[in-house]
Amino acid sequence: MKTKILSLLLLIAFTVIFKLDLFATEQTPDLLIIGKDSFYLQSFPIEQLNFKENMNPFDTGLFVSTNCWRGYQAIWEIKDNKLLLQKILKCNTDTEIDYNTVISYFEKNGYKPKLINGKIFADWYTAKLIDCEYYDYRGRQKYLQETDKIKKKHLIVFNFINGELILKI
């Protein structure tokens, strides 16, 4: 009798849990600066390299927030139509990770970064991005997202091939 009651309670509990609309925490996006404009990137260029040490690769401390499992936020910029890694910040702080540590991380994973004016050129990065606006905990934000993930009209298309901005509509 106790087994049947326990089984019924477990069945009810699982039914309730699976009927709830549960959402994962939105991850801290990278930031892309283009002139005086900035966008949050829903595409993570460093992750395209598929490094073997891709989880929290920099010394970001013991505590990692659920909104930033990577432990860092990359800040990118476009200069002369090239995507350059400007800096990397520890999540939830303004503490910048030493750029030599970033270069060392790339090299340790077998990738010799190409530097342009002392910044890493993302020559591995190829993606077509569209602009979207979302409301999140920071308010209304401009995002760039890979086009295969959204099926609606968009305002701007950014087409990157090997780190070069080929097309901006």
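The values are calculated or read from the model by the stated rules, or taken from the named source; none is laboratory data. Since the structure is predicted, the reported quantities are computational estimates derived from the model, not experimental observations. Cβ coordinates were reconstructed from backbone atoms using ideal geometry, including for glycine residues, and neighbour counts include every protein chain displayed.
Is at least one residue of the range 89-99 within 18 Å of residue 32 (Cα to Cα), at pLDDT below 85 and surrounded by 19 or more Cβ atoms within 10 Å (Cβ to Cβ)? Within the range 89-99, one or more residues are within 18 Å of residue 32 (Cα to Cα), at pLDDT below 85 and surrounded by 19 or more Cβ atoms within 10 Å (Cβ to Cβ). Restricting attention to the range 14-22, does a residue exist that is more than 26 Å from residue 104 (Cα to Cα), in a helix (DSSP H, G or I) and modelled with pLDDT of 65 or more? Yes.
Filter the range 100-135 for residues that are in contact with a Lys or Arg (Cβ under 7 Å, 6 or more places away or on another chain) and at pLDDT 95 or above; which is nearest to residue 166 (Cα to Cα)? Give the derivation first.
Within the range 100-135, the subset in contact with a Lys or Arg (Cβ under 7 Å, 6 or more places away or on another chain) is 109, 116, 121, 123, 131, 133.
Checking the rest, the ones that are also at pLDDT 95 or above come to 116, 121, 123.
Values: 116: 18, 121: 15, 123: 13 Å.
Here the answer is 123.
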